[in-house]
Structures are given as C-alpha cells and as structure tokens.
Amino acid sequence: MSFKQILCIFASIIIGAIIIVQLLPKPKLSFSDKQELLRTIEKLNSELPRKIGTIGQLDCVTYDTNVITYHFTNFGDSSIDSFYEDNYNEIGGIMKYSAITLNGQNNAGDNLAKLLDSKGLIMRIEFKTPSNKIFQWNYTGKDILEFMKSIRISPTEALCTIIDAHIKLANLSLPMESNYLGCVNTIITNSIESALGQGENLLKILHDSNGVVFVCETNEQETSIPEIREYLNNPFFIDNFTTLLSEDADMLEFMNMLVLSHSNLTYRMKNVASTDSIDVIIPYVILKNKCNHLFRNQL
C-alpha cells in the first residue's frame, strides 16, 4: 500500500495558491476577476502535469462555479481506495495543517484563506486512484481561518504535526530501524531511509524553533561521529550532502515541504555506546536552492 500521497501533494497545491493570491484582486469576484483567475489557472496549467515524487502527479487545475479544483492522479494499485476510505476525515484534517505551513512564505496561508473567504471561493482537492475512483475534499476560506485561529501554531509546528500524523496513518511508531523503514512506502519514511545508513535508527522527530529535527542513533560501525565532525569543517559539505539527498525523488518532495514552511532540517546523530552526538543542520536557504518548484523564484 502507498501512503505517500498524504504529504507530497501539498507542495503543488501551495505553489498554485501562492500565484493566485498574488494575482487575484479583492474583494468580491467580479467578471474581470474571473477572467484574471482563468488566465492565472491557464498559466499554471501550462506547467502541468507535474510528477510528485514516485507516487502520482498533479494533472491540472480547473475553475467552475466558484470552485477551484486541483486534480491529482495516484499511481499504485487499488489498495489506495481502502486507505482513503478508512482515513478520509484524518486526511482532510491534515490538509488544513498544510495551509498553516504556507505562512512560512509571507503569510501566504492566511492570505489564501482571506482571499477564498472574500471572493466566496471553494478550494477542492481531488484524487483519482488507479481504479478511477474519485476522492474529494472541499475547503472554504472561513473553514481555514477558523482552524488557524483555533490552534495558533507556527508553520514548522504545523509541518511536524503533519509528519506525526503521517507516521501514525502508516501504522508506524518510533523508534524505527533503518532496515524496516522501506517496508512501508511513505514520503516521510522514504526520506528518512534515504539519509540513514546501515545500523542507524530513527529515535524521534522534534520541533526545534524553526526546524525539524530527526534524532538518529548510530553504532559507529557504519557512521563515525568524529568523521562527520571533520566533514562539517568543509564549507561545501552541507551543500553536497543536500544535493545527494535531493537525488531521491521522494526526499526532494519532503524538502519542498520544508521550504514552504520556511524550516531547517537537522539530523542529530547519537552514538549508541556513548554520550557523543552531533547536529548536521541543513538551513532553509540551502533547501530552497535545491527545491524543484516551478515557481521557486517567487518563494
């Protein structure tokens, strides 16, 4: 079963939303507003379809009777149907948190919600599965604004909440061994697996200020903390390390999410036989340079 569609779709949704927020005037949707919206969607569609990691693609964006719909196709098999059916409400809730991650880019999430509300627009997320079954979630600006006010957390905290929910939906728990992560196909577990070596385990995931921290444990047979410490003296190490990580399609989608929430990524390595530890920090600015958004320059 593939669970990766939960997280990775948000990057494409958010980019399209940012463009619409930037170009669409306020307040009520007039005839000229509709024409501008249609031109904006046409521009966005000229860059589509866009593959999302290894699990699907954003096919197109449409507008009809005040509803903006993002159409996605999932790759995989029919087991995705039962996953959506069993977790429909949970997935809908996770998507609301994605709007908060948008605020990492000049409060774009708040601006999007206000725009939807002032124009009377509805944002619809639509997934088509390999068996041609359709799943939809609708969001009004009022819904999103009320949700944001009810929890008041930072974009990075929202992303950490999405990660936690994603792991829970995948029926996993921490700590996780590196040789077990590949047994379940998710953006999060695939991202962890691409960075962990043999003999390394993920102990927990933390929120630290404006960063997401993967706390890992190593026995140093495969990974030497003193060696990593030496590598960090090389000013090109972090950039090269990030480039290596970004070669994995699913890890790249996770980096996109970090960028949209304006978050850093830290790998905290601990020695299982001692108290020695080290942080490998990938700052937002490097993640941004590696992300593959079509509209990256507008972030």
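The values are calculated or read from the model by the stated rules, or taken from the named source; none is laboratory data. As the structure is a computational prediction, the values presented were derived from the model and not from experiment. Positions of Cβ are generated from backbone atoms using ideal geometry, with glycine treated the same way; all protein chains shown enter the neighbour counts. The accessibility values were calculated without ligands, DNA or RNA, using every heavy atom of the protein model including side chains. Shrake-Rupley method; radii C 1.70, N 1.55, O 1.52, S 1.80 Å.
Brief remarks follow.
- In the range 151-169, residue farthest from the chain's Cα centre (by Cα) [restricted to those that are surrounded by fewer than 17 Cβ atoms within 10 Å (Cβ to Cβ) and more than 13 Å from LYS96 (Cα to Cα)]: LYS168
- Residue within the range 153-161 that is without any contact (Cβ under 8 Å) to a residue 24 or more places away in the chain and not charged (D, E, K, R) present: no
- Subset of the range 137-150 [open to solvent by 70 Å² or more (accessible area, probe 1.4 Å) and not in a helix (DSSP H, G or I)]: ASN138
- Where a residue in the range 73-100 is basic (Lys, Arg) and its partner, wherever it lies, is open to solvent by less than 80 Å² (accessible area, probe 1.4 Å) and assigned to a helix (DSSP H, G or I), with Cβ under 8 Å and at least six apart: LYS96/ASP143; LYS96/ILE144; LYS96/PHE147
Listed here are the residues, each with its yes/no results for (1) more than 21 Å from the chain's Cα centre (by Cα); (2) open to solvent by 80 Å² or more (accessible area, probe 1.4 Å).
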residue	(1), (2)
SER30	yes, no
LYS43	yes, yes
LEU48	no, no
GLY56	no, no
ASN66	yes, no
GLU90	no, yes
ALA99	no, no
ASN107	no, yes
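- One residue from ASN256, ASN240 being more than 26 Å from LEU102 (Cα to Cα) and part of a helix (DSSP H, G or I): ASN240
- Residues that are at pLDDT 70 or above and basic (Lys, Arg) were ranked within the range 279-299; the one that is nearest to ASP239 (Cα to Cα) is LYS290.
- Test: residue in the range 126-135 that is under 23 Å from PHE254 (Cα atoms), under 19 Å from the mean Cα position of the chain (by Cα) and at pLDDT 85 or above: yes
- For the range 249-274, the set of residues classified as open to solvent by 20 Å² or more (accessible area, probe 1.4 Å) and modelled with pLDDT of 85 or more consists of LEU252, HIS262, ASN264, ARG268, LYS270, listed by residue number.
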